[in-house]
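**Q** First the structure, then my questions, so here it is.
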Amino acid sequence: MKIVIDQDRCIASGQCVSAVGEVFDQRDEDGVVVLLDPTPPADLAAAVRQAAAVCPARAIRVEE
Amino acid sequence: MTETVNPAEVPQFPGARAARCPFDPPPVLHALQEQGPLAKVKVWDGSTPWLVTRYEEQRALLADPRVSADVTRPGYPRSAPVASRNGSAISFILMDDPEHARLRRMVQAPFTVRRIETLRPAVQKIVDGLIDDMLAGPSPVDLVEAFALPVPSLVICELLGVPYADHEFFQDNSKILIRREADPEERAAAFAQLVGYLDDLVGQKLDHPGEDLLSRLAERIKAGELTRPEAARMGVLLLVAGHETTANMIALGTLALLEHPDQLDLLRRTDDPKLIAGAAEELLRYLNITHSGRRRVALEDIEIGGQVIRAGDGLILANDIGNRDPAAFPDPDRLDLRRDARRHVAFGFGVHQCLGQPLARMELQVAYGTLYRRVPTLRLATELERIPFKHDGQVYGVYELPVAW
Ligand code: HEM
Ligand code: SF4
């Protein structure tokens, strides 16, 4: 699994961090998404897919 | 619950809830959703915007850049009449990008999930203190006044740098501002009062900055990145959105749980953060207090759900019925705290999705996770029929909730 984020689209909803804090974080200065782990382990796959599905700005793409 | 709609007639929106189902959306919404994802409805001024009733179409349209939240555009379906002297917007919630993004980005930092998490111990202390006071005082008591309203008000005051001592002033004016049936002149006056109040506070922060969000906005004014009226309006938006919403979720959520004792029991007996967090998501979905729908206007022709929305058509995306769409949530009318409700649209969707959601989630988790465990005998001190519901509010809830223990 490979994750691609689009920081320009992000609206700092925090949905991805609530879903998988191990993979996503937010920048201190403006809350925009930061990718901690672009190739997360398999046991986080379901949570990552959930994060992409709830991202309101469609800023998370998951390539399987 | 089952109601039929004559397809030849344009139904009125908003419709009334069924008398004995205060937690369910109006039956007409169920009927329209069954017929299709979109329907024309008639609103207060006689215009006929589209009502979008299904979950998938709501999410698609709310995330579509051809759809505008700009309240000043012709065709925008206002939820109530506006006074002639004041049609101005309450900041970025009613603006499009790039202006929306410019302003929203200035206030995103304090609402990140990790920053909000650092406030949890302070919120726990507030919640425990209010429960201590409640238990030490007379019973019955109005839970709205004693608990549901002070929790988010104290927190948002601290975050913004607004003196809590002024809470009667801003709570009263907020109430008028978000009442659908308030007189337009009265609503405009309440908005002007709040803007004036926030403008004074911003002025004070310009001279004596502190560690709060309004002080950060004052810095932006000094740096020439923001005007003072913009800062005051953002302050109003954050103050109003920051307490009215969560307060209604706490009070209405408590009532819904008292009416579903098996579900309440789950919360009474647990300190599992996962279960409590899941319960908060399910209550957000099930109650969907922002029951006036997200309001938008189409900028271009859009083909969706077998219909063509024309440029200039108004759109009402009824997230309350979206959250009861059986295609998205099996057995949607059941309150089931153990289900996975995270995909709900109670915070909206697209670029306007709730800025305060990490804060709202944390406050609800602490409130729901503490109140029923500490007051296991909590009960309604009146009949359900006597509870005054906010049928006339932009935000649904209860005006009063007499409880005893
Ligand atoms: C349970 C509580 C809450 C609910 C159900 C809720 C719901 C919503 C919804 C549905 C929207 C989208 C509006 C639209 O698309 O037209 C929204 C936006 C917003 N909410 Fe909340 N909210 C809650 C709590 C809060 C809190 C605590 C704050 C704190 C400041 C807040 C601040 C905002 C702001 C600033 C916006 C505008 C975002 C934008 O336009 O980009 N909300 N909220
Ligand atoms: S869920 Fe999407 S919009 Fe929200 S913080 Fe993550 S990337 Fe940004």
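**Q** So which residues in region B:210-226 are in a helix (DSSP H, G or I) and not hydroxyl-bearing (Ser, Thr, Tyr), if there are any at all? Let's see the steps before the verdict.
**A** Residues of region B:210-226 in a helix (DSSP H, G or I): B:213-222.
Listed by number, the residues that qualify are B:Leu213, B:Leu214, B:Arg216, B:Leu217, B:Ala218, B:Glu219, B:Arg220, B:Ile221, B:Lys222.
**Q** Which pairs have Cβ atoms under 7 Å, sit 6 or more apart or on different chains, and link a residue in region A:13-25 that is at the interface with another protein chain (Cβ under 7 Å from one of its Cβ atoms) to one that is open to solvent by 20 Å² or more (accessible area, probe 1.4 Å) and within 16 Å of ligand 1 (Cβ to nearest atom)?
**A** A:Gly14/B:Val113; A:Val17/B:Val113; A:Ser18/B:Val113
**Q** Go through region B:286-297 and report how many residues are over 12 Å from the mean Cα position of the chain (by Cα) and within 30 Å of B:Arg66 (Cβ to Cβ). Show your work before the answer.
**A** Our first condition is that a residue be over 12 Å from the mean Cα position of the chain (by Cα); within region B:286-297, this holds for B:286, B:295-297.
Going one step further and asking which of them are within 30 Å of B:Arg66 (Cβ to Cβ), we end up with B:295-297.
Counting residues in region B:286-297 that are over 12 Å from the mean Cα position of the chain (by Cα) and within 30 Å of B:Arg66 (Cβ to Cβ) gives 3.
**Q** Mind checking which residues of region B:167-177 are open to solvent by 30 Å² or more (accessible area, probe 1.4 Å) and in contact (Cβ under 8 Å) with a residue 24 or more places away in the chain? Outline the logic, then answer.
**A** Step one: list which residues in region B:167-177 are open to solvent by 30 Å² or more (accessible area, probe 1.4 Å), which gives B:167-169, B:172, B:175-176.
Scanning region B:167-177 gives B:Phe169, B:Lys175.
**Q** Taking region B:234-262 as the region of interest, how many residues are open to solvent by less than 20 Å² (accessible area, probe 1.4 Å) and more than 13 Å from ligand 1 (Cβ to nearest atom)?
**A** Residues that pass the stated criteria total 4.
**Q** Residues in region B:355-372: is at least one more than 21 Å from the chain's Cα centre (by Cα), more than 12 Å from chain A (Cβ to nearest Cβ) and open to solvent by 10 Å² or more (accessible area, probe 1.4 Å)? Please lay out each step first, then the result.
**A** Here is the first cut: in region B:355-372, the residues more than 21 Å from the chain's Cα centre (by Cα) are B:370-372.
In the following step, the residues that additionally are more than 12 Å from chain A (Cβ to nearest Cβ) were identified as B:370-372.
Next, from what is left, pick out any that are open to solvent by 10 Å² or more (accessible area, probe 1.4 Å): none.
No: zero hits.
Listed here are the residues, each with its yes/no results for (1) within 14 Å of another protein chain (Cβ to nearest Cβ); (2) within 11 Å of ligand 1 (Cβ to nearest atom); (3) buried (at least 18 other Cβ atoms within 10 Å of the Cβ); (4) within 21 Å of the chain's Cα centre (by Cα).
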| residue | (1), (2), (3), (4) |
| --- | --- |
| B:Arg78 | no, no, no, yes |
| B:Ser91 | no, yes, yes, yes |
| B:Met95 | yes, yes, yes, yes |
| B:Pro98 | yes, no, no, no |
| B:Arg104 | yes, yes, yes, yes |
| B:Phe111 | yes, yes, yes, yes |
| B:Ile116 | yes, yes, yes, yes |
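**Q** So, in region B:311-328, of the ones that are within 14 Å of another protein chain (Cβ to nearest Cβ) and under 18 Å from B:Ala280 (Cβ atoms), which residue ends up surrounded by the most Cβ atoms within 10 Å (Cβ to Cβ)? Working first, answer last.
**A** Initial filter on region B:311-328 (within 14 Å of another protein chain (Cβ to nearest Cβ)): B:317, B:319, B:322-323, B:328.
With under 18 Å from B:Ala280 (Cβ atoms) added as a condition, the list becomes B:319, B:323.
On the way: B:Asn319: 27, B:Asn323: 23.
By that ranking, first place goes to B:Asn319.
**Q** Considering only region A:1-26, state which residues are open to solvent by 20 Å² or more (accessible area, probe 1.4 Å), in contact with a helix residue (DSSP H, G or I) (Cβ under 9 Å, 6 or more places away or on another chain) and more than 10 Å from ligand 2 (Cβ to nearest atom).
**A** If the condition is that a residue be open to solvent by 20 Å² or more (accessible area, probe 1.4 Å), in contact with a helix residue (DSSP H, G or I) (Cβ under 9 Å, 6 or more places away or on another chain) and more than 10 Å from ligand 2 (Cβ to nearest atom), then A:Met1, A:Gly21, A:Glu22 are the ones that fit.
**Q** Here's something else I'd like to know. Would you point out the residue of region B:336-354, among those that are farther than 22 Å from B:Ala63 by Cα and open to solvent by 10 Å² or more (accessible area, probe 1.4 Å), that is farthest from the other protein chains (Cβ to nearest Cβ)?
**A** Of region B:336-354, the ones farther than 22 Å from B:Ala63 by Cα are B:336-340.
Subset that is open to solvent by 10 Å² or more (accessible area, probe 1.4 Å): B:336, B:338-340.
On the way: B:Asp336: 18, B:Arg338: 17, B:Arg339: 14, B:Asp340: 9 Å.
For region B:336-354, the residue satisfying everything is B:Asp336.
**Q** Another question, then. Collect the residues in region B:274-297 that are in a loop (DSSP other than H, G, I, E, B) and in contact with a strand residue (DSSP E or B) (Cβ under 9 Å, 6 or more places away or on another chain), keeping them in residue-number order.
**A** Our first condition is that a residue be in a loop (DSSP other than H, G, I, E, B); within region B:274-297, this holds for B:288-293.
Across region B:274-297, the qualifying residues are B:Ile289, B:His291, B:Ser292, B:Gly293.
The values are calculated or read from the model by the stated rules, or taken from the named source; none is laboratory data. For clarity, every value in this text was computed on a predicted model and none was experimentally measured. Counting neighbours? That spans all protein chains shown, and the Cβs are built from the backbone with ideal geometry, glycine included. To get the accessible areas, we keep the full protein, side chains included, count just its heavy atoms, and leave off ligands, DNA and RNA. Shrake-Rupley method; radii C 1.70, N 1.55, O 1.52, S 1.80 Å.
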